[in-house]
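Here is the structure we will look at, set down as structure tokens.
The values are calculated or read from the model by the stated rules, or taken from the named source; none is laboratory data. Since the structure is predicted, the reported quantities are computational estimates derived from the model, not experimental observations. As a convention, Cβ positions derive from the backbone with ideal geometry for all residues, glycine included, and neighbour counts pool all protein chains shown.
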Ligand code: HEC
Ligand code: HEC
Ligand code: HEC
Ligand code: HEC
């Protein structure tokens, strides 16, 4: 857990640096938004300088301002979305506690489901807005325009018995048990949309039951999405593949700016 926390903090710090580059265009901020750390206390643990610290426990106090600014940008909000201005240590409004829960969730799922570090940040889902999208509208539109060839493959497979439970028709259904063949194939179409790929990204055509690395990763991703929605949203499907992938195989962990070479080694 503490490694994951460290990883996340590095991601926030990186983002803060990257964002500072674009800060020239920022309008002047009111003085109340500047976080004062008394001189000489920058390297004390954050909890000795601030009142109500959980996430940053044990980290240098100097990390806090960069993280707060990164939150503003990653969520597209003002400080007061999560704070009562001037009473920063207060545990309200609700969004402050939500932010901590989100932190915890990222730590949990990164450790459990994602090998590579620094891959999931607030940006991955929030993309500069307070309410991440599960892609309902985008997916609906794209499903109506699937390439004809792909629609044909789906139609042919549906002929195997669209109302039957998928696991009675196909040999290696594990996660999607209980879905009808028709619904299971709709999910397959959705996978191609959310990742921007063809069926062949995860299958060898006509050998659908075979194992394939991307197919195995996808099973883990399905479990992860369920896990996130259970942890945070009482099982409501607020987070879906689209929330992170948005039509790309590789989700964006930070604004493109971060990909610039001078930020790559975290300096
Ligand atoms: C997305 C929500 C969010 C936003 C936006 C945000 N903060 Fe925070 N802030 C937090 C959380 C969560 C903590 C507690 C961190 C911890 O647990 O270590 C915190 C802690 C702080 C603290 C330490 C308070 C104390 O005494 O414990 C200050 C000061 C602060 N924020 C100022 C700001 C300022 C200024 C901004 C805008 C530049 C800002 N925050 C934006 C969520 C947010
Ligand atoms: C796995 C995707 C995901 C990640 C990663 C994520 N969030 Fe969220 N977040 C959501 C969703 C979904 C909602 C709820 C949106 C809704 O209610 O429609 C949400 C809501 C919030 C809210 C409440 C917004 C409001 O309207 O007040 C805050 C605050 C927040 N997230 C902060 C964060 C912070 C800070 C991070 C990074 C530490 C983070 N989130 C990372 C998916 C995510
Ligand atoms: C992102 C990866 C991914 C893509 C893209 C994808 N699939 Fe799948 N497919 C899977 C996974 C994962 C399973 C197994 C689901 C389970 O375990 O319940 C599966 C199962 C299947 C099965 C049942 C075979 C079995 O495993 O028993 C068929 C048939 C199938 N897919 C067809 C398709 C078709 C047709 C397309 C294109 C429209 C497609 N898939 C696109 C990941 C993918
Ligand atoms: C919380 C964000 C998040 C969500 C939600 C999510 N993914 Fe991912 N996914 C990632 C990240 C990050 C990676 C890259 C992991 C890595 O490189 O180690 C990834 C990688 C993948 C890969 C491997 C990419 C490749 O090179 O083939 C597949 C396939 C995939 N995801 C499918 C899905 C599917 C399908 C869903 C919905 C069931 C989903 N993901 C939901 C974050 C997410």
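Quick check on residue 258: is it in contact with a helix residue (DSSP H, G or I) (Cβ under 9 Å, 6 or more places away or on another chain), modelled with pLDDT of 95 or more and crowded, with 18+ Cβ neighbours inside 10 Å? Criteria not met by residue 258.
Looking for something assigned to a loop (DSSP other than H, G, I, E, B), closer than 21 Å to residue 190 by Cβ and within 16 Å of ligand 2 (Cβ to nearest atom) - is there at least one such residue anywhere in the stretch 55-72?
Here is the first cut: in the stretch 55-72, the ones assigned to a loop (DSSP other than H, G, I, E, B) are 55-59, 61-62.
The next check asks that each one be closer than 21 Å to residue 190 by Cβ; those that pass are none.
Checked the stretch 55-72: no residue is assigned to a loop (DSSP other than H, G, I, E, B), closer than 21 Å to residue 190 by Cβ and within 16 Å of ligand 2 (Cβ to nearest atom).
From the list 154, 106, 139, 173, the lone residue that is within 16 Å of ligand 3 (Cβ to nearest atom), in contact (Cβ under 8 Å) with a residue 60 or more places away in the chain and either touching a helix residue (DSSP H, G or I) at 6+ places or on another chain (Cβ under 7 Å) or not assigned by TED's automatic domain parsing to the domain that holds residue 196 (or both) is 139. Here residue 167 meets the list (1) within 24 Å of residue 250 (Cβ to Cβ); (2) within 10 Å of ligand 3 (Cβ to nearest atom); (3) in a helix (DSSP H, G or I) almost entirely, failing just condition (1).
Residue-by-condition table, conditions (1) outside the structural domain of residue 227 (by TED's automatic domain parsing); (2) touching a helix residue (DSSP H, G or I) at 6+ places or on another chain (Cβ under 6 Å); (3) over 30 Å from residue 214 (Cα atoms); (4) away from ligand 4 (no atom under 16 Å from the Cβ):
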residue: 67; (1), (2), (3), (4): yes, yes, yes, yes
residue: 97; (1), (2), (3), (4): yes, no, yes, yes
residue: 101; (1), (2), (3), (4): yes, no, no, no
residue: 120; (1), (2), (3), (4): yes, yes, no, no
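Would a scan of the stretch 180-202 turn up a residue that is at pLDDT 95 or above, touching a strand residue (DSSP E or B) at 6+ places or on another chain (Cβ under 7 Å) and within 23 Å of residue 136 (Cα to Cα)? The answer is yes; a qualifying residue exists.
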